């Protein structure tokens, strides 16, 4: 029996474990990336481990999230990251050089290599045949120190693409169709591979759009073959020598197969407030639109920008619409300027933003109150835009551009023939905004710069013998990390200051939560299904840790967030019977009796509701390594104990 693409790459990087679904496997990591919203904490953690220099083939730090500098905090973080990179052996992508996933695809990604990044959309690298995972910052710090990255061996899903996309239908519509079919929980515990004859019709940027939004499925990662299309892309980037073919075996066996006829797809949109609330643009109808935002790590490639420029050329954006466009990288931005497409965008009335994440994470461009915003981004969670009552739809660049002209949600097929665009055989190569690290013999003399907003990793402690605490918060299904630890221009600058950022923890659900935690000293959070979906931000675990949360009990967890809780030394536990979720109420006094011994011995964990007297069975399901981490107090303590 042959291997799938992912199985081949896992086998080639396997350090420990068996490649059986449900078993934990440890993988050797070739590359890492961070961005500045998560990077400062990741590098503080790396320093705490005590390894003097990164041990990966290539590690890169990007400045692309916290670029709105309304105070000293973001600038201080950038300087800290820059000096850490110089001293400890990382490449540093300066502010303005572009969004981490777009730049990494262009300049560093290599087919067949493993990549983890402290950003949930790191699977973008699967567009060129990498095995790329989003992870918590502490996992990235350990990988930079030479440690393996651990995942539960996923099941394999093949999405077979047949036919060819019709004019005005885009790669964004492909992944929206997958989300419509599978839902935001449909990829949990799975790797999504793309195959079929239709793959050959998709460019690398189009493939990267699809793998990028695989994160919204809850999938471990997504991956395409590395074929002649991939080779041509890498040749155009001056990196053909890095190309290696990556294919599934002809007799590979998948746990699930999804068939998609590309020819039959229509322009789609994800309606508020979930990426899987997908309908056709035609069915939604011509609703009035106040804002259109084009860019993000999902749709900011040169190909995307050229399509938008061709639609807007010689026309004017509707006066009731604010259109903003953020090219994904300096390379894209410069090439748009050189070929005249940038002038077409500006002449049409587009507001050109810097090469950064910007509106996607609520860093500027918040819509008007109750405004409808069309975005080519990957998430439309309630409040993520910075406006609590905004109605955010996720659409393709083609649909976004058409709607910016008409002022209403518009099926771009109504505009007539699709303008033709062509990509250059060679991209502009100028890496002058990427700083290499200092040589090892010079690095010892360098000093790391730390501003006053940078605080150390929160204090951890070994798992207690028994946990007694109140339910300080009870929430429902599909709670995102944006609910737990919001982003936005006011909060993101505090990412390197856990005491300060913790005061915003869960305030979108309950403004009194931080104060309640301070008053109680310790507590438990109860959640519904798919708890912690969305961003990989480990701050959604570190802030609760700082506030004294000892355990989170939920119906089910999103993969990365569950790992982040364990890394922080917080127990993620699930109800053995989902109906028992209703047997626990806000304010109840709970006890996890003898929990340290039970976890250590792999015994069932029991929850005693001391308020009602009810005894509730829980599921832990930790691996041996996770058990040792929890007993030690988290991954940082565990790593110190096991460092070689």
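The values are calculated or read from the model by the stated rules, or taken from the named source; none is laboratory data. Keep in mind that what you see is a predicted model, and the values were worked out from it rather than measured. Ideal geometry is used to build each Cβ from the backbone, glycine not excepted, and the neighbour counts take in all protein chains shown.
Which numbered condition in (1) surrounded by fewer than 21 Cβ atoms within 10 Å (Cβ to Cβ); (2) modelled with pLDDT of 95 or more is the only one that residue 70 fails?
Of the numbered conditions (1) surrounded by fewer than 21 Cβ atoms within 10 Å (Cβ to Cβ); (2) modelled with pLDDT of 95 or more, the odd one out for residue 70 is (2).
Would you mention how many residues in segment 4-34 are part of a helix (DSSP H, G or I) and without any contact (Cβ under 8 Å) to a residue 40 or more places away in the chain?
1
For segment 283-305: of the residues being touching a helix residue (DSSP H, G or I) at 6+ places or on another chain (Cβ under 8 Å) and part of a helix (DSSP H, G or I), which is surrounded by the fewest Cβ atoms within 10 Å (Cβ to Cβ)?
Among residues in segment 283-305 that are touching a helix residue (DSSP H, G or I) at 6+ places or on another chain (Cβ under 8 Å) and part of a helix (DSSP H, G or I), the one surrounded by the fewest Cβ atoms within 10 Å (Cβ to Cβ) is 303.
Inspect segment 624-640 for any residue being in the same structural domain as residue 527 (by TED's automatic domain parsing), touching a strand residue (DSSP E or B) at 6+ places or on another chain (Cβ under 6 Å) and more than 21 Å from residue 548 (Cα to Cα) and give the result as yes or no.
no
Would you check which residues across segment 307-336 are part of a strand (DSSP E or B) and closer than 18 Å to residue 209 by Cβ and list them?
325, 329
Quick check on my filter: what residues within segment 586-609 are buried (at least 16 other Cβ atoms within 10 Å of the Cβ) and not in a loop (DSSP other than H, G, I, E, B)?
Passing the criteria: 590, 591, 592, 595, 596, 598, 599, 605, 606, 607, 608, 609.
Can you tell me which residue is farthest from residue 532 (Cα to Cα) among those in segment 192-226 that are over 12 Å from the mean Cα position of the chain (by Cα) and assigned to a strand (DSSP E or B)?
226
Return only the number of the condition from (1) under 24 Å from residue 124 (Cβ atoms); (2) surrounded by fewer than 20 Cβ atoms within 10 Å (Cβ to Cβ) that residue 316 does not satisfy.
All conditions pass for residue 316, except number (1).
In this structure, does residue 280 turn out to be at pLDDT 95 or above, surrounded by fewer than 21 Cβ atoms within 10 Å (Cβ to Cβ), in contact with a strand residue (DSSP E or B) (Cβ under 9 Å, 6 or more places away or on another chain) and under 16 Å from residue 180 (Cβ atoms)?
For residue 280, the condition - at pLDDT 95 or above, surrounded by fewer than 21 Cβ atoms within 10 Å (Cβ to Cβ), in contact with a strand residue (DSSP E or B) (Cβ under 9 Å, 6 or more places away or on another chain) and under 16 Å from residue 180 (Cβ atoms) - is met.
Looking at segment 135-152, which of its residues are crowded, with 24+ Cβ neighbours inside 10 Å and in contact with a helix residue (DSSP H, G or I) (Cβ under 6 Å, 6 or more places away or on another chain)?
If the condition is that a residue be crowded, with 24+ Cβ neighbours inside 10 Å and in contact with a helix residue (DSSP H, G or I) (Cβ under 6 Å, 6 or more places away or on another chain), then 136, 137, 138, 140, 141, 142, 144 are the ones that fit.
Does residue 401 satisfy the criteria of being touching a strand residue (DSSP E or B) at 6+ places or on another chain (Cβ under 9 Å) and either more than 30 Å from residue 87 (Cα to Cα) or assigned by TED's automatic domain parsing to the domain that holds residue 233 (or both)?
Spelling it out, residue 401 is indeed touching a strand residue (DSSP E or B) at 6+ places or on another chain (Cβ under 9 Å) and either more than 30 Å from residue 87 (Cα to Cα) or assigned by TED's automatic domain parsing to the domain that holds residue 233 (or both).
Can you tell me which condition residue 515 does not meet? The list is (1) in the same structural domain as residue 573 (by TED's automatic domain parsing); (2) more than 22 Å from residue 558 (Cα to Cα); (3) assigned to a loop (DSSP other than H, G, I, E, B), and all the others hold.
Condition (3) is where residue 515 drops out.
Would you mind finding the one in 638, 581 that is farther than 30 Å from residue 47 by Cα, without any contact (Cβ under 8 Å) to a residue 60 or more places away in the chain and assigned to a helix (DSSP H, G or I)?
It is 581.
For segment 523-539, how many residues are part of a helix (DSSP H, G or I) and at pLDDT 95 or above?
0
I'd like to check something: does segment 155-172 contain any residue that is under 19 Å from the mean Cα position of the chain (by Cα), assigned to a helix (DSSP H, G or I), crowded, with 24+ Cβ neighbours inside 10 Å and not assigned by TED's automatic domain parsing to the domain that holds residue 535?
Within segment 155-172, one or more residues are under 19 Å from the mean Cα position of the chain (by Cα), assigned to a helix (DSSP H, G or I), crowded, with 24+ Cβ neighbours inside 10 Å and not assigned by TED's automatic domain parsing to the domain that holds residue 535.
Which residues, taken from segment 337-354, are in contact with a strand residue (DSSP E or B) (Cβ under 9 Å, 6 or more places away or on another chain) and either assigned to a loop (DSSP other than H, G, I, E, B) or in contact (Cβ under 8 Å) with a residue 12 or more places away in the chain (or both)?
342, 345, 348, 349, 350, 351, 352, 353
Name every residue in segment 553-578 that is closer than 25 Å to residue 455 by Cα and either touching a strand residue (DSSP E or B) at 6+ places or on another chain (Cβ under 8 Å) or in a helix (DSSP H, G or I) (or both), in order of residue number.
Across segment 553-578, the qualifying residues are 560, 561, 562, 563, 564, 565, 566, 567, 568, 570, 571.
Of the residues 47, 24, 57, only one is within 16 Å of residue 448 (Cα to Cα), surrounded by fewer than 21 Cβ atoms within 10 Å (Cβ to Cβ), within 24 Å of the chain's Cα centre (by Cα) and assigned by TED's automatic domain parsing to the domain that holds residue 248; which?
Answer to the check: 47.
Can you say whether residue 554 is without any contact (Cβ under 8 Å) to a residue 40 or more places away in the chain and crowded, with 24+ Cβ neighbours inside 10 Å, as far as the supplied structure shows?
Yes.
Search segment 363-379 for residues being assigned to a loop (DSSP other than H, G, I, E, B) and in contact with a helix residue (DSSP H, G or I) (Cβ under 8 Å, 6 or more places away or on another chain), and hand back the single one that is modelled with the lowest pLDDT.
Of everything passing the filter in segment 363-379, 363 is modelled with the lowest pLDDT.
For the condition outside the structural domain of residue 73 (by TED's automatic domain parsing), in contact with a strand residue (DSSP E or B) (Cβ under 8 Å, 6 or more places away or on another chain), surrounded by fewer than 24 Cβ atoms within 10 Å (Cβ to Cβ) and over 25 Å from residue 149 (Cα atoms), what is the one hit in 528, 488, 521?
528
With loosely packed, with under 13 Cβ neighbours inside 10 Å, at pLDDT 90 or above, out of contact with any strand residue (DSSP E or B) (no Cβ under 7 Å at 6 or more places or on another chain) and under 30 Å from residue 87 (Cα atoms) as the only criterion, which of 445, 465 stands out?
So the residue among 445, 465 that is loosely packed, with under 13 Cβ neighbours inside 10 Å, at pLDDT 90 or above, out of contact with any strand residue (DSSP E or B) (no Cβ under 7 Å at 6 or more places or on another chain) and under 30 Å from residue 87 (Cα atoms) is 445.
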